[in-house]
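To keep things clear, I will list the structure first and then write my remarks on it.
Read the figures in this text as sums done on the coordinates, not as results from a lab. Just so it is clear, the model here is predicted, and its values are computed rather than measured. So basically every Cβ, Gly included, is an ideal-geometry build from the backbone, and we count neighbours across all protein chains shown.
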Amino acid sequence: MESFFSTPLSSLEDFITEHGFTKVHAQTIYTQIYKHGAKSFEEISGLPQKLYSLLEKKYCFDFLEIAKIQESVDDKTVKLLFKLSDGRTVETVCVPFQKKYTLCLSSQVGCAMKCSFCFTGTQGLTRSLEKKEIILQYIQAYAYIKEKFEGHQAAPNIVFMGQGEPLHNIDNVADAIEILKTTEGMGLGPRQITLSTAGYLPGIKRFSELGSVNFALSFHSPFNEERNELIPLNKAYPIADLIEELKSIKLMKRQFLTFEYLIIRDLNHTRKHVEEIGRLLKDMPVIFNLIPFNEFPGAPYKRPEMAAVEEFKAGLMELGFHAMIRTTKGDDILAACGQLTSQETLS
Ligand code: SF4
């Protein structure tokens, strides 16, 4: 049996029309499941009787097990631990912003990139997620939020900023995005989706395959020596090569490249850093997202003073860049940036 959540609308249409039914039936099914939250074919009324039995023989609804739910006492951030069919686990974080949530999806179990500031990076890569495992994180986290928090009915945005390097699993990520963008289904717009990379150049070269979604780079330092320490991947794909490639990304009107900048105490936020950033990124449409480092057990770095973060921000703005400081959410449940792990206990 095939998973319904691995099936693009075009394949469902082909299957249904081959059996003498119409594309409209396929579109109705997609709408009912993705937009209205039907969890089985039985919950969809009005289909021809013969079609139900055909569909039930062909497709299954293999939802993920939600093994653990943690809610931040501070700010309604929710962290869901999903257990996959092979017993592995991944985390999805739901971050509230005004009336909408943003879902921080994982793309891999663990990660091969070994960034020195990241909890996930300490684990190594176990495997990449299948497209259905990416889609189901979204569907099930959205369903949870809708039920739990009144007033949060709108389809959440997505950031691929959970566990894993999404461009290291670009085929499954691209397929999942395509399904979630399908108009008759979830109908997400490309601007609702942001993909964040540590700088995996082979994936950046294929970024246009993802169709105008927002791009974010974990930047963290303009100096190779420092960036090599923070993101070992930089040794293979140094900053200058990344920046050259980013210049070829086609942006829509009022769309920017986001540069995530983790600010670590006494490390990467001096005047010298500001000047080098100005030289490297001159005239590029970049927005800086400044993230004060979130400490985790055994972390090798310290959180900066807020005054130092403000000063760094002011330096970037003097150069003409947009810059904002991201407030840390979900800190109390280790749901903040760089704190996710697949080794969460299920108790
Ligand atoms: S920061 Fe991202 S790319 Fe780096 S180790 Fe963590 S999950 Fe992987």
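Here the chain carries DSSP beta bridges of which approximately 45% are antiparallel, counting only pairs with both residues inside. With K and R counted +1 and D and E -1, the other residues having a Cβ less than 12 Å from that of LEU84 yield a net charge of -2.
Applying 1/(1 + (r/R0)^6) with r as the Cβ-Cβ distance of ARG254 and LYS58 and R0 = 35 angstrom yields a FRET efficiency of 0.20. Per residue, the average separation of C-alpha pairs within less than 8 Å and at least 6 apart gives segment 65-333 a relative contact order of 16 percent.
The lysines within cross-link reach of LYS35, meaning a Cα-to-Cα straight distance under 21 Å and a gap of 8 or more places when in the same chain, are LYS23, LYS99, LYS100, LYS131, LYS132, LYS146, LYS148, LYS181. For segment 65-333, the Kirkwood hydrodynamic radius comes to 19.1 Å, computed from all pairs of different C-alpha atoms. With just the Cα atoms defining each centre, how far is segment 145-196 from segment 69-122? Give it in Å. A separation of 14 Å, based on Cα centres.
Computed over neighbours whose Cβ is under 13 Å from that of LYS114, the net charge equals -1, Lys and Arg +1, Asp and Glu -1. A cut-off under 9 angstrom between Cβ atoms defines the neighbours of GLU71, and their net charge, with Lys, Arg +1 and Asp, Glu -1, is +3. By the beta-carbon count within 10 Å of each Cβ, the least crowded to most crowded order of THR183, THR194, fewest first, is THR183, THR194.
Bridgeable aspartates and glutamates around LYS205 (alpha carbons under 12 Å apart, same-chain partners fewer than 8 residues away excluded): ASP241, GLU244, GLU245. Footprinting exposure proxy ranking of CYS104, CYS115, CYS60, fewest other C-beta atoms within 10 angstrom first, gives CYS60, CYS115, CYS104.
Applying Stokes-Einstein at 25 °C and 0.890 mPa s to the Kirkwood radius of segment 2-107, computed over alpha-carbon pairs, gives a translational diffusion coefficient of 153 µm² s⁻¹.
Would you work out if segment 80-137 is rounded, prolate or oblate? Take a ≥ b ≥ c from the square roots of the eigenvalues of the alpha-carbon gyration tensor; rounded if a/c is under 1.5, else prolate when a/b is larger than b/c, oblate otherwise. Oblate is the answer for segment 80-137, as a/c is 1.5 or above yet b/c matches or exceeds a/b. Potential lengthening of the chain between ARG88 and ARG127 amounts to 13.1 nm, from the contour at 0.36 nm per residue minus the alpha-carbon distance. Going from the residue with the fewest nearby Cβ atoms within 10 Å to the one with the most, HIS220, HIS269, HIS36, HIS322 rank HIS36, HIS322, HIS269, HIS220. Here the extension length gained between GLU245 and GLU225 equals 5.2 nm, from 0.36 nm per residue of separation less the Cα-Cα distance. Using Cα springs under 10 Å in a Gaussian network model of the chain, which residue among MET113, MET186, MET252 shows the largest mean-square fluctuation? The residue with the greatest mean-square fluctuation here is MET252.
Averaging the sequence gap over all C-alpha pairs within less than 8 Å and six or more residues apart, then dividing by the number of residues, gives segment 2-60 a relative contact order of 36 percent.
Within the straight-line cut-off of under 18 Å between alpha carbons, the lysines reachable from LYS313 are LYS272, LYS282, sequence neighbours fewer than 8 places apart in one chain being disregarded.
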